[in-house]
Each structure stands twice: as structure tokens, then as C-alpha cells.
1. Once a ≥ b ≥ c are taken as the square roots of the eigenvalues of the Cα gyration tensor of region 55-127, is the result rounded (a/c under 1.5), prolate (a/b larger than b/c) or oblate (a/b not larger than b/c)?
2. Counting only C-alpha contacts under 8 Å and six or more residues apart, can you give the relative contact order of the chain as a whole percent?
3. How high is the FRET efficiency from VAL35 to ALA166, r the C-beta distance, R0 22 Å, rounded to 0.05?
4. Going by average Cβ neighbours within 10 Å, how do the peptides 133-143, 6-16 rank, with the highest at the top?
5. Hey, what's region 60-101 come to in accessible area per residue, 1.4 Å probe, Å²?
6. Using only alpha carbon pairs under 8 Å that are at least six residues apart, calculate the relative contact order of region 2-107 and give it in whole percent.
7. Springs between alpha-carbon pairs under 10 angstrom, Gaussian network model over the chain: which of GLY161, GLY68, GLY114 fluctuates most?
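The values are calculated or read from the model by the stated rules, or taken from the named source; none is laboratory data. Because the structure is predicted, anything quoted here is derived from the model rather than measured. Cβ coordinates were reconstructed from backbone atoms using ideal geometry, including for glycine residues, and neighbour counts include every protein chain displayed. Just so you know, the surface numbers come from the protein's heavy atoms only, side chains and all, with ligands and any DNA or RNA stripped out. Shrake-Rupley method; radii C 1.70, N 1.55, O 1.52, S 1.80 Å.
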Amino acid sequence: TAVAGVIEQHPVLGLAAFALLAALSAMLAFFSTAVVVPVGVAQWGLVTTLILLWSGWLAGGVATYAIGRFLGTRVVELFVRAERYRYYQERVAAHASWPALVLFQIALPSEIPGYVLGLIKCPFGRYVSALAVAELPYAIGAVLLGAGFLNRQYAVMVAFGVAGIAFTAWALARLRRLLTPPAARP
């Protein structure tokens, strides 16, 4: 492909661009790195692509946290609808334990937790460690999906896709239970 040719001609720029695209995908709801992961796997292999993807997602998460923490609600509202982040902002502050933060990261689209946790001034170390743990299974899954696509292993792709959806659904159900006051539970 054309992207592979550019990466071969400019390997360092290709690595940086891939990581930057991963970071942007962690910051913006309408942007995904799914289409470039197979290119990364083909060019650099599983491990390097995993490291680039995961580190890019971490960098994007740190950027969303910084935007929320230091630039505040007016800037966050450019990226996330106000009612969406306020809902989580009100509920997460009371449940900001490390396991709850991991669950929050797993259950929601990647751009929301960073903005919200920055706004509520969650301790940075707790945030970034929860982010790293939560993003790793998704990075592994994305790279394995990319490899499955390249190798035309469609059953593997479906299995990883279903597993990812089930994992996210489980985390969302657990998070909803955690954030719902006991009196309001069915």
C-alpha cells in the first residue's frame, strides 16, 4: 500500500506518525487507528506495533487528562458532550479507587475517562497506572485482530472481536452497578 511505501522510505517518521495517530484516536471519538494497525503489524511485527499502539494510547490519555485538569470544562466541551462527562464526573469522584478507575477506563470510550478524571483532579499516578492496565488488553486485541486480518484468519478476528465486546459489556455493567446508589438499584 501507499502507507507501507512511505513507512519504508521514512521509518522513523512512520513510527512517530503511527504513535501520533494512536494518541489522537485516544483523544477524539470520531477517529480510530483500526485501519492502520494491520499496516503496523506488516511493517514492524506484533511486538513493535503493540508497543507503539499502547504507548500512543497512553500519550493520548495523558493529553486528555491534562486538557481536563489544566484547561477545564470549556475546552473539554469541545471534545465531549457536557451531559456525558458531567454524568460521570458526579459519580466517579465518589468512587475513585484504583480498581474503579480501571473499570471506568475499560467500560467507556477512551476519550471520556481522561477528560473526566482530569476535571475531578484524580491523582495523576493513579490515573495513568489505571489507564496503562486498562488499555493493554485492547492494544493486544487490536494487534491480534490486525494480524488476523493480514493472515485472513477471519474466525480469529471474530473471536477476538466478540471477546472484546463481551469484556467491555462486562466492565460497563460492573461500572453501572458501582455508580448506581444502592437505593436506586433494582
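1. Values: a/c = 1.41, a/b = 1.10, b/c = 1.28.
The shape class here is rounded.
2. Details: 217 pairs, mean separation 47.3, N = 186.
Computed value for the chain: 25 percent relative contact order.
3. Working: r = 23 Å, r/R0 = 1.06.
After rounding, the FRET efficiency stands at 0.40.
4. Values: 133-143: 19.1, 6-16: 13.5.
Packing proxy ranking, top to bottom: 133-143, 6-16.
5. Using a 1.4 Å probe on heavy atoms only, each residue of region 60-101 averages 58 Å².
6. Details: 66 pairs, mean separation 27.0, N = 106.
Relative CO of region 2-107 lands at 26 percent.
7. Among GLY161, GLY68, GLY114, the largest GNM mean-square fluctuation belongs to GLY161.
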